[in-house]
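Below is one structure; the comments refer to it alone.
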Ligand SMILES: [Zn+2]
């Protein structure tokens, strides 16, 4: 994709998280020609300013590489209205009712589109990853918390308030432990990075990150116990999702999906056990990993300027080579 003067086009893609903002310049072949990660500051106003700085820096870098930047995209957790570019609520970024798309477009001087991080990851998995060729699937991100993107006949569900997919806050244990959201027994109280760390320490274990707790499975009874509860909670949540949506596939992403067979094997058994009369959907781990958000963001950016044709030619190898 190049303009009348033969200058190649590219977009800016930012995967905005509570601790890190990962930015990239992605060319029309889907290749990441530059990337950099900045720490996410604390405080809503400051996040807006630093995010703008990152986009401006990425644009300058892209132009120094001889590329014409045609659009930008920011994918974020929270309640995101993709159509208007408004962020309704993002608790770990300190945002409520932020017109992020227009603020960023003004800062960087190109159109900027906003997307939901897990919906963007699902879009990437559907195009180039674990959900390739699958129209009905659920993308589940298990990180500090849990969120999902629900794809039905190839279209992602948004909901009336753009907050569909809050799988982490489905109450799965009646009168269970208190969640930070105010409800009791939410899925992510048990199965999430924060939940596992909290429950492991509460039972007398060390203060450890969830990945370290997973590494102790099989040799540490406390780790085994909190993990069993976590898998059970996730299976209950996925039972609800399966019965409501009838997905063909569940794709697991986020940090805890790297637990691999320690997660997949017991989860498949538990989901089969819960679903008495119907078969369980397939369960697979994301094949794009932490690249999924960036790839999804770059798809959204090209699409926002009417260049879906560019994206349809992308190949998995080229996109991941970056
Ligand atoms: Zn909750």
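Just so it is clear, none of the values below were taken in a lab; they were calculated from the coordinates. The structure presented is a predicted model; accordingly, all values stated were derived computationally and were not measured. Positions of Cβ are backbone-derived with ideal geometry, glycine not excepted, and every protein chain shown enters the neighbour counts.
Quick notes on this one:
- The ranking of 11, 47 by Cβ neighbour count inside 10 Å, starting from the fewest, reads 47, 11.
- Candidates 160, 215, 202: whichever shows maximal mean-square fluctuation once the chain is modelled as a Gaussian network with Cα springs under 10 Å: 160
- GNM flexibility winner over the chain from 93, 65, 123 (Cα, springs under 10 Å): 65
- Two-site FRET efficiency, residue 274 against residue 183, from Cβ-Cβ distance with R₀ of 25 Å, rounded to 0.05: 0.75
- At R0 = 41 Å, FRET efficiency that the Cβ-Cβ distance of residue 194 and residue 68 yields, to 0.05: 0.45
- Segment residue 261..residue 7, full-extension length gain: 86.8 nm, with 0.36 nm per residue of separation and the alpha-carbon distance subtracted.
- Cβ-to-Cβ counts within 10 Å put 110, 226, 172, 140 in ascending order as 110, 172, 226, 140, the fewest first.
- The chain: most fluctuating residue of 192, 312, 76 per GNM, C-alpha cutoff 10 Å: 312
- Percent of beta bridges antiparallel (DSSP, the chain, rounded to nearest 5): 60
- Virtual spin-label span in nm between residue 153 and residue 84, 7 Å along Cα→Cβ: 2.7
- Shape of region 45-140, Cα gyration tensor, a/c cut at 1.5: oblate
- Rounded tilt (10° steps) of 117-128 against the dominant C-alpha axis of the chain: 80
- q = 0.13, 0.14, 0.15 Å⁻¹: log10 I(q)/I(0) that the Debye formula gives for the chain, counting C-alpha atoms only: -0.94, -1.07, -1.20
- Principal-axis tilt of helix 44-64 within the chain, Cα atoms, nearest 10 degrees: 50
- Pairwise centroid distance, computed over Cα atoms, of region 32-46 with region 213-244, Å: 32
- With contacts taken as Cα pairs under 8 Å at a separation of at least 6 residues, the chain carries a relative contact order of 20 percent.
- Region 300-322 and region 102-179: distance between their alpha carbon centers, rounded to Å: 19
- Expressed to the nearest 5 percent, the antiparallel share of DSSP beta bridges inside region 132-285 is 55 percent.
- Principal-axis analysis of the Cα atoms of the chain puts helix 261-274 at an angle of about 60° to the longest axis.
- Distant alpha-carbon pairs in region 181-322 (separation over 24 angstrom), percent: 45
- Per-residue [θ]222 nm for the chain (sum of -39500 (n - 2.57) over DSSP H runs n ≥ 4, rounded to 500): -12000 deg cm²/dmol
- Proxy reagent accessibility, fewest Cβ within 10 Å first, across 89, 200, 190: 89, 200, 190
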